[in-house]
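Notes follow once the structure below has been shown.
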Amino acid sequence: QWASGVIKKQRAPKYTDQQLEEIPARARRLYRILSNNDFDLIMDDEKYVLLQDQSVPTNRGFYTSDKRTTPSQIKFKRIQKFEPKILVWIAISENGISKLFFFKTKASC
């Protein structure tokens, strides 16, 4: 039985004819490298952390008994379009774990 709902198209890479021809040779080369244990596997990850307290969901609101008497600096939080962040990066391999890398991005706007 056919569904009558809208079905979302699946995403798939678009390959050229040349890329399709290269797939078997590249797969054989990758298999040879992996079967010889002639490689080092390295995994890395990065995370951007906001420097403002707005990154913590519980700090986004405020409590008041009367909204009209609440000072405007509490009611309205002015935010930059691109807030300053810190990039945290680390890598791991069979040889060990890298040192943590921190980088502070510059705020703009």
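May I ask you to verify whether Glu83 is acidic (Asp, Glu) and either surrounded by 12 or more Cβ atoms within 10 Å (Cβ to Cβ) or at pLDDT below 80 (or both)? Lay out the reasoning, then the answer.
On the way: acidic (Asp, Glu): yes; either surrounded by 12 or more Cβ atoms within 10 Å (Cβ to Cβ) or at pLDDT below 80 (or both): yes.
So Glu83 fits the description; yes.
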Do we have Asp45 as outside any helix (DSSP H, G or I), modelled with pLDDT of 90 or more and out of contact with any helix residue (DSSP H, G or I) (no Cβ under 8 Å at 6 or more places or on another chain) here? yes
Restricting the stretch 51-72 to residues that are at pLDDT 80 or above and of a type outside the set (Ser, Thr, Tyr), which is nearest to Ile97 (Cα to Cα)? Pro71
Just for the stretch 14-40: of the residues that are at pLDDT 85 or above and part of a loop (DSSP other than H, G, I, E, B), which one is farthest from Ala91 (Cα to Cα)? Thr16
Filter the stretch 86-109 for residues that are in a loop (DSSP other than H, G, I, E, B) and surrounded by 12 or more Cβ atoms within 10 Å (Cβ to Cβ); the one that is modelled with the highest pLDDT is Ser98
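The values are calculated or read from the model by the stated rules, or taken from the named source; none is laboratory data. Only a predicted model underlies this, so the values are computations on that prediction, with no experimental measurement involved. Neighbour counts are summed over all protein chains in view; Cβ atoms, including those assigned to glycine, are modelled from backbone coordinates with ideal geometry.
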